[in-house]
Amino acid sequence: MRQDENIGGEISKSEAWDRDPQTGIVDNLVDARVEAGDEMIDGKLRVHSLSGHERNKLYLNDGTGSNFSDQSGLSGLDDESDGRAFAIFDYDRDGWSDIVSVNAMNPLTRLFRNEMGDEDRSGNFIALSFRGGNRTATSSDWSNRDGYGARIELRKGTEMIEREHRCGQGYGSQNSAVMIIGLGDWEEVDEVIVRWPSGRKSIVSRVKQGEWLTVDERGGEERKPYRRDVKSKQKSLPGKAVFPLGPQSKARLTVWKGMATWCPACARYRPYFEHLKAMTQGLDVEFRGFPLDETEGREALVAYQNNHNLPYDLQTDLSMLDRKKAEVFLERWIGAAELPYPTSVVTNQRGEILWAGAGAPTVSELRRFLAAE
């Protein structure tokens, strides 16, 4: 959102985005100035930009497609990494679509696993792949090799489900070419009808739920089971990495906040950490802060802690060596050349990392970790 009128010709490079109208200083802390009230001039709010810091959103429809509810926080997709593109694909082949996102800030990539398949709920589906008949770049008689543009009908009795095989649904991203269609309580589909872009039609009868069906425009189909036993393979995975600053607590979970006394973003997160602490009261969760800036000495940290009612126990006695170990470890873990402020970590009693990233975990994530420990 922009409210200034004096913007340069090249908007993306214009200093008007970040210029303080009072001081004339150019910086990238517009949001911090707004929060502090520094953008109030003659009783009016003068804002250059409120873009950035956007969190991901998930909206679920009510079954009619006309109304949607915001389920971002409950879903675990409420991530603040400023996403730029996402794609839907089932990476673990359990029949439940997962999401991978690419972000403008670290971590550049996040994978969100759909955990609905871990619960005792109906998960009937079929998976479809398409093989268009085109073999040359100049053919106009057959559909493209990937089958994009095909329309699909699933029929069972008088009921029907329709889908379209699409490409280019996102900005700079592409969903998986394997189409997963939820069936509800259907155990079998009477007919799968594929209407190809060429005008041809393929019909496959009696497709059981859980099958992976590949339909060929030139005739024939392939069937095989879609699901694979992911859980048994996960048992052989190595143990979780141990955070260099833990274990230091007997609490079931410890939430660590990497911060600096001069950091406006760290200050803005203080109310959120107060919320996390209140929502997990009595659940054996401990909150600790650790300094990321190696130039800040113990006296400055103690003074900061004494002057602010912090919702976490700031580790003022950490040695410079321990700080550096934590910083290097997290840069490798998150995949960042430089850690964002604040960076948070969640560990269990053994000091093993359960979550790490920019900002802070959600209440739902903490409760899920508690249930698993």
Unit Cα scatterers, Debye sum, region 59-118: log10 I(q)/I(0) for q = 0.16, 0.22, 0.30 Å⁻¹: -0.61, -1.01, -1.18
With the calculation restricted to Cα positions, what are the radius of gyration and Dmax of region 124-231 in angstrom? 14.2, 46
Under 5 Å, built H, 5+ apart or other chain: amide partners of F287: V255, D313
For region 49-170, what class follows from the C-alpha gyration tensor (a ≥ b ≥ c being the square roots of its eigenvalues): rounded when a/c is under 1.5, otherwise prolate if a/b is larger than b/c, else oblate? oblate
Using amide H atoms built 1.01 Å from N in the peptide plane, name the residues 5+ places from S97, or on other chains, whose amide H lies under 5 Å from its own. none
Evaluate 2.2 N^0.38 Å with N set to the residue count of region 134-186, then give the Cα radius of gyration divided by it. 1.44
Averaged across orientations, what area in nm² does the convex hull of the alpha carbons in region 253-372 project? 7.2
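Please tell me which of these pairs span more than 29 angstrom C-alpha to C-alpha: K201/K224; K57/K250; K57/K325? If you can, show how the numbers build up before the last one.
Values: K201/K224 22 Å; K57/K250 35 Å; K57/K325 34 Å.
From the list (K201/K224; K57/K250; K57/K325), the Cα-Cα distance tops 29 Å for K57/K250; K57/K325.
Since every read-out is calculated from the coordinates, none of them should be taken as a lab result. Note that the coordinates shown come from a computational prediction; the quantities given were computed from them, not determined experimentally.
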